[in-house]
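Presented below is the structure to which this report refers.
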């Protein structure tokens, strides 16, 4: 009789068993903040389409301290999301050859973060300019 | 045993299918010196404390890929992981995660071997050449494209690091995909179309959620996550480009 009886271990709670997986779940979880913020902006757009009064009511609603606190939290979460997104980027793309040498992972991550920061600042400056 | 000998506790996950219903922990007191690897610690247990302990090993120099174990929960080659780095704490040794345990630290690798065969890990010549025509020449640039992926030693640490493989063992997984990519991007190879069917299949690259731990634990810096993710792009390109340039033969 065959004495083999391979034992399959449970995957229950797998992501809590390794700090790397915990971090993975956190950075994937920050995507929920990205989605929530997209929802807020869509809601604003909906109010805008309903005329000035609706738009102003939505703007007033944003001044609620809970909403402000949520924005701060979302900013941190989206910042972390951006960082981890560009951190994994070198692993997700074909090698970039510059001058016959492969571009280092750090350069790709750094470049991505720099572009993200520049784009955010440009957007902020544009909105700031429009709001004045 | 030389001077400066100390004693460390090694906790081993035991499982003997003929008598155990489930694996259990067993702690051994192992005398060790600074130059001893975890593998040597486990060998000490087998030689002096409990001869029934089973584990795989061969080269002792991180090239055969046999001695992979979970060491304090991290997939590692036990021959290049040192007891001194854990002392005075206890070191916990288990069979590679996500694989069925055959006995003690020995896993069942049949699934992996089948996957390895399925990717056709050999060059399928792009053009037939006779001996008289000489060898297939390759430039250093052409070598660079695949060389990193050819360093895989089939140690399966990346599988033990991949929760998606743990959740769905049918996933082809990082190691086999890295080797698949190694042949697909070789300028001498002409088997890409056949292998791409596997890449884009149900068991293929889209199981990957870019956790990236496979590349972290790879002892040979193969970066299997990169191979998997490059092939997500390749599979997507194949899917959309077929409308523009039908190649026929698609299933």
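The values are calculated or read from the model by the stated rules, or taken from the named source; none is laboratory data. None of the values given here were measured: they were computed from a predicted structure. We place every Cβ from the backbone using ideal geometry, glycine too, and count neighbours over all the protein chains shown.
Figures for the structure shown
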| read-out | value |
| --- | --- |
| Qualifying residues in the stretch B:80-101 (those that are over 15 Å from residue B:67 (Cβ atoms) and outside any loop (DSSP other than H, G, I, E, B)) - the one nearest to the other protein chains (Cβ to nearest Cβ) | B:101 |
| Which numbered condition residue B:65 fails, given (1) in a loop (DSSP other than H, G, I, E, B); (2) over 15 Å from residue B:15 (Cα atoms); (3) in contact with a helix residue (DSSP H, G or I) (Cβ under 8 Å, 6 or more places away or on another chain) | (3) |
| Test for residue B:147: is it without any contact (Cβ under 8 Å) to a residue 24 or more places away in the chain, within 12 Å of another protein chain (Cβ to nearest Cβ) and out of contact with any helix residue (DSSP H, G or I) (no Cβ under 7 Å at 6 or more places or on another chain) | yes |
| Tally of residues being in contact (Cβ under 8 Å) with a residue 60 or more places away in the chain and closer than 30 Å to residue A:7 by Cβ across the stretch B:106-141 | 6 |
| Those residues of the stretch B:208-230 which are in a helix (DSSP H, G or I) and farther than 20 Å from residue B:184 by Cα, in sequence order | B:213, B:214, B:216, B:217 |
| Residue pairs meeting the criteria (Cβ under 6 Å; at least 6 apart or on separate chains; first facing chain B (nearest Cβ under 10 Å) and under 16 Å from residue B:232 (Cβ atoms), in the stretch A:88-103; second outside any helix (DSSP H, G or I) and modelled with pLDDT under 90) | A:95/A:102 |
| Search result, residues across the stretch A:14-68 that are within 21 Å of residue A:82 (Cβ to Cβ), over 14 Å from the mean Cα position of the chain (by Cα), surrounded by 12 or more Cβ atoms within 10 Å (Cβ to Cβ) and more than 14 Å from chain B (Cβ to nearest Cβ) | A:40 |
| Residue in the stretch B:133-143 that is surrounded by fewer than 20 Cβ atoms within 10 Å (Cβ to Cβ), touching a helix residue (DSSP H, G or I) at 6+ places or on another chain (Cβ under 8 Å) and outside the structural domain of residue B:42 (by TED's automatic domain parsing) present | no |
| Some residue of the stretch B:169-188 being within 16 Å of the chain's Cα centre (by Cα), surrounded by fewer than 18 Cβ atoms within 10 Å (Cβ to Cβ) and assigned by TED's automatic domain parsing to the domain that holds residue B:122 | yes |
| Subset of the stretch B:147-163 [out of contact with any strand residue (DSSP E or B) (no Cβ under 6 Å at 6 or more places or on another chain), part of a helix (DSSP H, G or I) and surrounded by 19 or more Cβ atoms within 10 Å (Cβ to Cβ)] | B:148, B:149, B:158, B:159, B:163 |
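One line per residue, one yes/no per condition, for (1) crowded, with 18+ Cβ neighbours inside 10 Å; (2) over 25 Å from residue B:218 (Cβ atoms):
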| residue | (1), (2) |
| --- | --- |
| B:8 | yes, yes |
| B:24 | no, yes |
| B:29 | no, yes |
| B:39 | yes, no |
| B:48 | no, yes |
| B:55 | yes, no |
| B:58 | no, no |
| B:70 | yes, no |
| B:88 | no, yes |
